[in-house]
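Notes for the one structure printed next.
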Amino acid sequence: MFKKWLMNVGLMLFASLLLMIIGYNVTTYETTSLETTDTTEEGFAPLVKLRSPFGINQPTLPGTLPKIRTGNSCPHNSIWITQSDLDRSPSSNGPFQILNPGYYCLKENIIIDSSNPNPRWPFPSLIWVNSDSVTIDLNGKEIIDIADPNHSTFFPIAILIGAGNRYWYNFTLNPVSDVTIMNGKIRAMRGVAAYGSTSSPIKKITIENLKFHSDGGGTGGIIMGDAKDVLINNNYFEGQEFSSIEIFNIENVLIDKNSLNLNKGDGIVATNIKGLKIKNNQFLNHQHTRFWSAFGGDQVYDTDFDNNYLLKQPIGINLKGGSTISYKNNTFCHVNTPLNIFLGSSASGRNNQINPPNC
């Protein structure tokens, strides 16, 4: 009887010790992970609170990943885009063309191999939007280049909006407006390019809830020029070789709730912009230690850089060309040069944390 009692006590002590070990491991893991809470705004990523290995909470940040809807998220009257649609595009040298308004939706992943001779040259895009009032919903699907980047013969653009006079095409070009690209992944290629012209800018362009992933090679996220009224919202960029977001000759731009992680080029590059708002973004873990900046501005005016979180960046804000900027409520952690302001430019800031001790 005594032996049985002793054995039960031993088992209980062993179980208690095991639970203590498991509990300790879980606690240790949580202090180095991301703690998320859902927002009340549909379509936005969960808020993320970074926690240091020492249990010191960092500021609450926008979510690191956009909420991409899975399954069929498209309305019943959608115009479907399939792999075969792109394979048999109207011109042997051209992309799949969108020439009429509508809600276009990917029915499946779109896959190309740019190591093969380019059947679309000199039109280096897969989908081309040349109409007003167009939504392209990637429907949680991916547009992927499966080529080894070291053997690519060209660097394709997944989606091109407008074109202005940037390329030579045998198509009529319209100054398009009211175009939205959303809800999916673009991998191992240039993501979204949008161009108007000086006399006819594109207008009301929205790019949101997209993930841009690089597998190396000549990739970049978003490039846009000669436009007006632009929203770049709740996107995720990772490992981009070129700038994640490059904009020029634009009036009224809001870049909000994006996450730029493990990139190799500049984060956001802006040239000749009026009315630029960069808010609630994260710039994380740049892969180089010199030259590159989280935000670089040349001739940018009426610019607000607010509530952003910068971690491990070579340069925080880099201004030249007579630029003016207001920056407030930002956190710069392990940023080698938080501000680099060239002669002729000016910056006014308040309530910023510059490399605080709890980074």
Once amide H atoms are built 1.01 Å from N in the peptide plane, which residues 5 or more positions from Cys333, or in another chain, come under 5 Å H to H? Leu310, Leu311, Lys312, Asn355
For the table Lys185/Lys279; Lys107/Lys257; Lys203/Lys312; Lys185/Lys228; Lys264/Lys328, the rows whose alpha-carbon distance is greater than 31 Å are Lys203/Lys312
Give me the extension gain from Glu108 to Lys274: residue separation times 0.36 nm, minus the current Cα-Cα distance, reported in nm with one decimal. 55.9 nm
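How high is the relative contact order of the stretch 206-359, given as a whole-number percent (alpha carbon pairs under 8 Å, six or more residues apart)?
Here the relative contact order equals 15 percent.
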When only DSSP loop residues count, what trypsin sites (Lys or Arg not before Pro) in the stretch 261-317 have their Cβ near at most 14 other Cβ atoms within 10 Å? Arg290
Label point distance in nm, Thr198-Ser133, each placed 7 Å from Cα along Cα→Cβ: 3.2
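Can you check what the net charge comes to around Leu343, using other residues whose Cβ is under 15 Å from the Cβ of Leu343 (Lys, Arg +1; Asp, Glu -1)?
With Lys, Arg at +1 and Asp, Glu at -1, the neighbours total 0.
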For Asp304 and Leu262 in the same chain, what is the full-extension length gain: residue separation times 0.36 nm, less their Cα-Cα distance, in nm? 12.7 nm
Starting from the Cα of His334, step 7 Å along the direction of its Cβ; do the same at Ser73; then give the gap between the two resulting points in nm. 3.2
Please give the length that would be gained between Trp80 and Gln353 if that part of the chain were fully extended, namely 0.36 nm times their separation in residues minus their C-alpha to C-alpha distance (nm, one decimal). 93.5 nm
List the chymotrypsin sites (Phe, Trp or Tyr not before Pro) within the stretch 200-306 that fall in a DSSP loop (any state other than H, G, I, E or B) and whose Cβ has at most 14 other Cβ atoms within 10 Å. Phe291
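Taken together, the values in this text are just the output of simple stated rules run on the coordinates, not laboratory data. This structure is a prediction, so every number in the text was calculated from the model and none was measured. Note that each Cβ is placed from the backbone with ideal geometry, even for glycine, and that neighbours are counted across all protein chains shown.
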